[in-house]
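K.L.:
Shown below is the structure under consideration.
The values are calculated or read from the model by the stated rules, or taken from the named source; none is laboratory data. Being a predicted model, the structure only gives us computed values, none of them experimental. Reconstructed Cβ throughout: ideal geometry from the backbone, glycine too, with neighbour counts over all protein chains shown.
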Amino acid sequence: MKKLLATASMAIAMLTSALHAQTVDIVVHYPMPGFFKNVMDQISTEYVKQHPDVKITFANPSPTYEDGLQLMLRQAGTSEMPDVSFIGLNRLRVLAERNVGVDLTPFVKADSTMAAEGYSERLLNLARFNGRQVGLAFATSNPIFYYNADLVRKAGGDPDNMPKTWDGVLALSAKINALGDGVNGMSYRWQGDDWMFSALLFGHGGTMLTPDEKKVAFDGPEGLASFKLIDRMVKEGKMPAMTSDAAVQSFTAGKTGLFFWTTGALRSVINGVGNKFELRTTSMPVIDAQKGRLPTGGNAAVMFTTDPQKQKAVFDFIKFASGAYGASVVVPGTGYVPNNDLAPKDPRYLGNFYKENPLFRAGLNQMELMIPWYSFPGNNGVKVTQTIVDNLAQLVEQKVTPEEALKATSSEVQKLLPR
């Protein structure tokens with residue numbers, strides 16, 4: 001009996017060891033935990049439930065897309081490198097140009113189910129550079145118009161018929177600002193990166209660089225109009241110079257009437273506002289009805305592991321996260337728009353969501369205007385972004401004119417471009 005028990009115990013131990021040996025451990029990194037922690041937890045939990053042979057471990061998240069990119073570049077080729085990371089769409093080019101990360105083209109071509117699962121060429125192109133599939137778009141967004149309907153009414157505006165032009169927005173902002181009691185008329189989220197500036201530039205029909213990417217292109221009429229519009233926000237709309245965090249806090253506290261920011265922040269704004277006032281959203285004001293476009297914010301899942309066994313599991317996880325199920329978690333959990341064509345049509349995912357949640361429609365209604373968030377060539381992309389932000393700060397603080405801000409920005413950015 002003792003021999004029999006010993007043999008059985010040994011067999012169980014060997015079986016347990018074999019099962020553990022077959023488990024694939026995927027290390028996942030992501031940015032902006034305030035937006036994505038709950039989403040990542042839910043997606044990973046469901047994935048592991050469906051794939052018990054996979055274990056998912058999260059690396060410490062990065063506060064911003066820029067921080068996430070710099071971390072990946074520092075860890076490239078080391079044992080600290082995660083198996084997959086979610087990288088800002090405007091930073092994928094840096095990875096492509098340095099051959100950091102695994103080209104997913106062979107995986108996409110070998111997977112005959114991609115199209116049926118909602119991966120159109122338009123969506124694949126969001127994370128593709130020079131024929132290299134750097135990743136799969138996970139969360140995509142565009143800028144929307146948030147507003148405090150209570151303050152709009154107090155200022156004599158109509159929450160059901162909000163201004164469709166910036167002239168109307170600035171006039172309404174001035175009226176809200178005149179209410180007093182520490183109320184601000186508006187806030188336009190220019191801080192942090194070049195995304196909201198590009199919304200004005202693209203809205204005027206402009207571009208960042210010339211087609212050959214050797215010269216600045218935003219130093220023309222479209223760029224000047226964008227700088228002048230921000231100047232008007234300060235002068236006519238009475239927009240104060242605030243940090244990004246302070247601007248969010250002011251709006252969610254009911255002290256700012258009109259707020260322009262990513263639809264990806266919608267869930268956090270809803271949670272921040274609570275029952276303090278009636279929150280509403282609508283589309284961005286039209287600038288150029290024919291040529292105007294909006295930048296696509298968000299990130300893509302990028303594979304870094306070179307282990308063949310892990311690669312299969314990682315690609316499967318990336319597809320799951322960026323697919324219809326992932327979209328059904330990301331959209332309600334954040335406010336990002338679907339990056340999967342199947343999700344908004346299928347009632348199993350988001351087919352009924354937008355009918356029941358009108359606050360989320362603004363971003364969805366603008367999807368046809370979305371173009372890629374511009375990714376600057378060369379090694380100075382992060383410096384270019386900071387240069388734009390620093391000069392916008394000078395303008396918002398009224399230390400320079402729009403013409404002076406544009407001249408300084410274009411001159412400094414030109415020096416940072418590859419020669």
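K.L.:
Can you confirm whether SER328 is in a loop (DSSP other than H, G, I, E, B) and either among the small types (Gly, Ala, Ser) or touching a helix residue (DSSP H, G or I) at 6+ places or on another chain (Cβ under 9 Å) (or both)? Give the steps one after another, and end with the answer.
P.N.:
Values: in a loop (DSSP other than H, G, I, E, B): no; either among the small types (Gly, Ala, Ser) or touching a helix residue (DSSP H, G or I) at 6+ places or on another chain (Cβ under 9 Å) (or both): yes.
It is false that SER328 is in a loop (DSSP other than H, G, I, E, B) and either among the small types (Gly, Ala, Ser) or touching a helix residue (DSSP H, G or I) at 6+ places or on another chain (Cβ under 9 Å) (or both).
K.L.:
Is at least one residue of the range 257-273 part of a loop (DSSP other than H, G, I, E, B) and basic (Lys, Arg)?
P.N.:
No - not one qualifying residue is present in the range 257-273.
K.L.:
If you check GLY335 against the conditions, is it at positive phi and touching a residue at least 40 places away in the same chain (Cβ under 8 Å)?
P.N.:
Taking the combined requirement at face value, the residue satisfies it.
K.L.:
Ok, one more. Can you tell which of GLY185, GLY168 is under 24 Å from ARG293 (Cβ atoms) and outside the structural domain of GLY333 (by TED's automatic domain parsing)? Explain how you work it out, then say what you get.
P.N.:
On the way: GLY185 fails: under 24 Å from ARG293 (Cβ atoms).
After ruling out the rest, the residue left standing is GLY168.
K.L.:
Considering only the range 348-370, I want to know if a residue exists there that is closer than 23 Å to ALA76 by Cα, more than 17 Å from the chain's Cα centre (by Cα) and surrounded by fewer than 17 Cβ atoms within 10 Å (Cβ to Cβ).
P.N.:
no
K.L.:
On the given criteria, is ASN379 out of contact with any Gly (no Cβ under 9 Å at 6 or more places or on another chain) and either assigned by TED's automatic domain parsing to the domain that holds THR64 or of a type in the set (Asp, Glu) (or both)?
P.N.:
no
K.L.:
Related question: Which one of these does GLY203 not meet: (1) surrounded by fewer than 23 Cβ atoms within 10 Å (Cβ to Cβ); (2) in contact (Cβ under 8 Å) with a residue 60 or more places away in the chain?
P.N.:
Here GLY203 clears every test but (1).
K.L.:
Where the second residue is part of a loop (DSSP other than H, G, I, E, B) and among the hydroxyl-bearing types (Ser, Thr, Tyr) and the first is closer than 22 Å to LEU126 by Cα and lies in the range 283-296, which pairs have Cβ atoms under 8 Å and are six or more apart or on separate chains?
P.N.:
Short answer, once both residue conditions are applied: PRO295/TYR374.
K.L.:
For residues that are of a type outside the set (A, V, I, L, M, F, W, C), in contact with an Asp or Glu (Cβ under 9 Å, 6 or more places away or on another chain) and not in a helix (DSSP H, G or I), scanning just the range 300-317, find the one that is modelled with the highest pLDDT.
P.N.:
Here the residue is THR305.
K.L.:
Also, I was wondering about something else. So for the range 168-187 (the condition being in contact (Cβ under 8 Å) with a residue 24 or more places away in the chain, surrounded by fewer than 20 Cβ atoms within 10 Å (Cβ to Cβ) and closer than 28 Å to MET367 by Cβ), does at least one residue qualify?
P.N.:
Residues of the range 168-187 in contact (Cβ under 8 Å) with a residue 24 or more places away in the chain: 168-174, 176-177, 179, 182-187.
Next, only the ones that are surrounded by fewer than 20 Cβ atoms within 10 Å (Cβ to Cβ) stay: 168, 171, 174, 179, 182-183.
Okay, now just the ones that are also closer than 28 Å to MET367 by Cβ, so 168.
So far as the range 168-187 goes, yes, one or more of its residues are in contact (Cβ under 8 Å) with a residue 24 or more places away in the chain, surrounded by fewer than 20 Cβ atoms within 10 Å (Cβ to Cβ) and closer than 28 Å to MET367 by Cβ.
K.L.:
If PHE320 meets every condition in (1) at pLDDT 95 or above; (2) part of a helix (DSSP H, G or I); (3) farther than 30 Å from ALA110 by Cβ apart from one, which number is that one?
P.N.:
The failed condition is (3).
K.L.:
Within the range 341-398, how many residues are under 22 Å from ASN90 (Cβ atoms), part of a loop (DSSP other than H, G, I, E, B) and touching a Phe, Trp or Tyr at 6+ places or on another chain (Cβ under 7 Å)?
P.N.:
The qualifying residues number 1.
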